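Scroll down for the structure; my scribbles are underneath it.
The values are calculated or read from the model by the stated rules, or taken from the named source; none is laboratory data. Since we're looking at a predicted model, the values are computed, not measured. When we count neighbours, we look across all protein chains shown, and the Cβ atoms used for this are built from the backbone with ideal geometry, even at glycine. All accessible areas refer to the heavy atoms of the entire protein, side chains included, with ligands and DNA or RNA removed. Shrake-Rupley method; radii C 1.70, N 1.55, O 1.52, S 1.80 Å.
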Amino acid sequence: DIAGALLGMHHFNNGIGSVVAEVDGINQTCPIRFVADFYDSESSQVTAVDVFSRQILESPDRPPSALFGAWRSAVSVPIGILTGVYGIPQVSPLSTSTELDDVTQYTHFTRLIPSDAGTARAAVDYFRDRSPDLRHLGMLYVNDAYGSAFHQAIVESAQA
């Protein structure tokens, strides 16, 4: 993922249109240049909030223009509140928690994957299409934040 992002930034910054033709020569007409800083959240809410907060506090005149990540919903939730406060767009490739669907709380958050509710709807639709007279569905899940939330999404989708 990171290598692809870096290659895309290099192509944009240098006007190389070999992959995306519309980027060809854009460095001559567009003054914007992309730079990236990488931080390891260690999949920890505390670490992610600490790193993000220090970056804002240490460089208040140069806040990030956007944030790509985190992967885990548990990390995206607290960071999503902070990016909303600072007006910084946040894009997560893997955070699926339905909590992040609340656009009034997570004003600058978006994702590149369906939420658990979307995946649950697709799963229930799949079973219904395969067995139209299906009346009971069993589900095995781990009783943690992700497993419980997905279980609840399956139940709500099946009831709908």
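Observations
- Whether a residue is surrounded by 11 or more Cβ atoms within 10 Å (Cβ to Cβ) and under 19 Å from the mean Cα position of the chain (by Cα) was assessed, and Q90 passes this test.
- Contacts under 8 angstrom Cβ, first residue in segment 124-141 being farther than 14 Å from A153 by Cα and without any contact (Cβ under 8 Å) to a residue 12 or more places away in the chain, partner assigned to a loop (DSSP other than H, G, I, E, B) and open to solvent by less than 100 Å² (accessible area, probe 1.4 Å), 6 or more apart: F127/L134; F127/L137; R128/L134
- Residues in segment 25-52 that are assigned to a helix (DSSP H, G or I) and touching a residue at least 12 places away in the same chain (Cβ under 8 Å) were compared, and the one that is surrounded by the fewest Cβ atoms within 10 Å (Cβ to Cβ) is Q28.
- Counted residues, segment 96-151 - those being more than 30 Å from A66 (Cβ to Cβ) and either in contact with a Leu (Cβ under 7 Å, 6 or more places away or on another chain) or surrounded by 15 or more Cβ atoms within 10 Å (Cβ to Cβ) (or both): 5
- Residues within segment 1-24 that are open to solvent by less than 80 Å² (accessible area, probe 1.4 Å), touching a strand residue (DSSP E or B) at 6+ places or on another chain (Cβ under 9 Å) and assigned to a loop (DSSP other than H, G, I, E, B), tallied: 0
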